[in-house]
Amino acid sequence: MASRKPFVAGNWKLNGSVELLNEMASSIEAVSNDQSVDVALFVPALLVGESAKLDVVTGVQTVSEFESGAYTGEIQASLAKELGAKYALVGHSERRHIFGESDDVVAQKFVMAQQQGLTPVLCVGETEQQREQNETESVISAQIDAVIDKLGVAGLEQSVIAYEPVWAIGTGKTATPEQAQQVHQFIRAKLASLDEQIAQRLQILYGGSVNEKNSSELFAQPDIDGGLIGGASLKKDAFISICESAKG
Ligand code: PGA
């Protein structure tokens, strides 16, 4: 099996504060000190500069698909980079479902993030209804193909994928390790059919109600390389223990 480094990322969504960031920074540094796990925080955009100054590996939760111009309120990828961000989430299901971002817009954001030197973390996942109708694989394929159509499979070389079943986000209903592994394996096999090396190197994270109790079992699956953590990333002890569990 390829030796991929585990990666645990917190997604604070529209939560958090300067105080919480300060409280968490040293614990994050301590848990990632031995280099055996990548740890990052996707903080609200207004906290990116502060977070990077505290030496926390930082990401933005979305970026504009536009480079610059008259787009009031948007988040500029180049400025996120300048302030020290390393990663950008693109296509989180809340962006897709609440803010109506299509596969194509998400792919444009992916391209912009990469062009400006950020590593995109492409979020994919099916709704409960799509799962019930056996559409999980086709939905995820379309979400990934939108990026491949623009950049080829090589575009995924400097990126991360996060599989987040929509029905598991913020619901307390986690996919079982077997359910999650099945989809991760599908994603890796799909990419391997295009480029074996890229597929073997790609970190594929699981997200959706991961907590300190279920993380070890999820992360033990062969194609799950860590997690994207929402609610539990706002609690220092829970988040650090999830990071520890990714070390195996
Ligand atoms: P959750 O969120 O861990 O609170 O389910 C995960 C996410 O939305 O990234």
* **Residue match in region 215-238 (condition: crowded, with 18+ Cβ neighbours inside 10 Å and among the aromatic types (Phe, Trp, Tyr))** => yes
* Would you tally the residues in region 190-214 being open to solvent by less than 60 Å² (accessible area, probe 1.4 Å) and assigned to a loop (DSSP other than H, G, I, E, B)? => 7
* Asked: So is ARG188 of a type in the set (D, E, K, R), away from the ligand (no atom under 15 Å from the Cβ), without any contact (Cβ under 8 Å) to a residue 40 or more places away in the chain and closer than 21 Å to LEU122 by Cβ or not?
  -> yes
* Please list, ordered by first then second residue, the pairs with beta carbon atoms under 7 Å, 6 or more apart or interchain, first in region 4-15 and in contact (Cβ under 8 Å) with a residue 60 or more places away in the chain and among the β-branched types (Val, Ile, Thr), second open to solvent by less than 50 Å² (accessible area, probe 1.4 Å) and assigned to a loop (DSSP other than H, G, I, E, B). => VAL8/VAL37; VAL8/ALA246
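Looking at VAL124, VAL147, which one is away from the ligand (no atom under 16 Å from the Cβ) and within 30 Å of THR176 (Cα to Cα)?
Unique residue meeting the criteria: VAL147.
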* Qualifying positions in region 239-248 - part of a loop (DSSP other than H, G, I, E, B) and either surrounded by fewer than 17 Cβ atoms within 10 Å (Cβ to Cβ) or out of contact with any Pro (no Cβ under 7 Å at 6 or more places or on another chain) (or both) -> LYS247, GLY248
* **LYS81 vs. criteria within 15 Å of the chain's Cα centre (by Cα), on the phi < 0 side of the Ramachandran plot and outside any strand (DSSP E or B)** => no
* Members of region 16-36 that are of a type in the set (S, T, N, Q) and open to solvent by 70 Å² or more (accessible area, probe 1.4 Å) -> ASN22, SER26, ASN33, GLN35
* Residue that is farthest from ASP38 (Cα to Cα), among those in region 121-138 that are touching a strand residue (DSSP E or B) at 6+ places or on another chain (Cβ under 8 Å) and outside any loop (DSSP other than H, G, I, E, B) -> VAL124
* To do: Answer yes if at least one residue in region 99-116 is of a type in the set (Val, Ile, Thr) and open to solvent by 50 Å² or more (accessible area, probe 1.4 Å), and no otherwise.
  => no
* Looking only at region 164-181, decide whether some residue is more than 16 Å from the ligand (Cβ to nearest atom) and either modelled with pLDDT of 95 or more or hydroxyl-bearing (Ser, Thr, Tyr) (or both). => yes
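The values are calculated or read from the model by the stated rules, or taken from the named source; none is laboratory data. This one's a predicted model, so the numbers in the text were calculated from it and none came from an experiment. Ideal geometry is used to build each Cβ from the backbone, glycine not excepted, and the neighbour counts take in all protein chains shown. Heavy atoms of the whole protein, side chains included, go into the accessibility calculation; ligands, DNA and RNA do not. Shrake-Rupley method; radii C 1.70, N 1.55, O 1.52, S 1.80 Å.
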